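Colleague: Have a look at the structure that comes next, please.
The values are calculated or read from the model by the stated rules, or taken from the named source; none is laboratory data. Model, not experiment: these values are computed from the prediction. Quick reminder, even Gly has a Cβ in these numbers, built from the backbone with ideal geometry, and neighbours come from all protein chains shown. Accessible surface areas use protein heavy atoms only, side chains included; no ligands, DNA or RNA. Shrake-Rupley method; radii C 1.70, N 1.55, O 1.52, S 1.80 Å.
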Amino acid sequence: MIESLGQYLKKEREGKGVPLEDLARSTKINLHFLESLEGDQWESLPKGAFILGFLKSYSREVGIPEVEVMRRYEALRPVSRGEEHPFQKFRGVEVRNRFFLFLLIALGLIILAAYLSTR
């Protein structure tokens with residue numbers, strides 16, 4: 001059976017004699033989140049960069065090679081079809097209501113015309 005990332009983290013932490021409560025204090029990661037990491041309960045963790053930050057802090061504090069943790073995370077992390085990159089929506093203007101966009105541009109042009117007429 002393949003060892004999950006959570007099982008690996010827990011085994012390494014316990015092997016080094018680090019209590020989970022001490023790890024929560026030293027990393028300033030909520031105890032519930034650490035329990036979720038070790039239990040492979042990805043749905044109860046914040047998404048995106050938060051998980052990476054938690055894993056990096058965890059590995060540094062326990063003394064696990066960060067590269068190994070990240071490799072295991074990439075190999076074993078759950079793939080969510082609905083998850084998008086947090087900055088993806090900023091690559092282009094995403095406007096659901098084109099009328100609002102038209103009003104915004106018209107208002108800008110009116111303000112520009114008013115400014116230029118006062119010069």
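Colleague: Could you check segment 50-89 and list, in sequence order, the residues that are within 17 Å of Glu3 (Cα to Cα) and modelled with pLDDT under 85?
Modeller: Listed by number, the residues that qualify are Ala75, Leu76, Arg77, Pro78.
Colleague: Which pairs turn up if I take residues in segment 2-27 that are not basic (Lys, Arg) and look for partners that are not in a helix (DSSP H, G or I) with beta carbon separation below 7 Å, at least 6 apart in sequence or on another chain?
Modeller: Close Cβ pairs satisfying both conditions: Ser4/Asp40; Leu5/Asp40; Gly6/Gly39; Gly6/Asp40; Glu12/Ile64; Ala24/Asn30.
Colleague: Out of the residues in segment 90-119 meeting the condition of being modelled with pLDDT of 85 or more and among the small types (Gly, Ala, Ser), tell me which one is farthest from Gly53 (Cα to Cα).
Modeller: Restricting to residues being modelled with pLDDT of 85 or more and among the small types (Gly, Ala, Ser), the top hit is Ser117.
Colleague: Here is a follow-up. Could you give every pair whose Cβ atoms fall below 6 Å, whose first residue belongs to segment 84-111 and is more than 26 Å from Pro46 (Cα to Cα) and part of a helix (DSSP H, G or I), and whose second residue is open to solvent by less than 100 Å² (accessible area, probe 1.4 Å) and modelled with pLDDT of 50 or more, counting only separations of at least 6 or pairs across chains?
Modeller: Leu101/Val95
Colleague: Sticking with this one: Quick one: how many residues across segment 35-46 are surrounded by 12 or more Cβ atoms within 10 Å (Cβ to Cβ), within 15 Å of the chain's Cα centre (by Cα) and assigned to a helix (DSSP H, G or I)?
Modeller: 3
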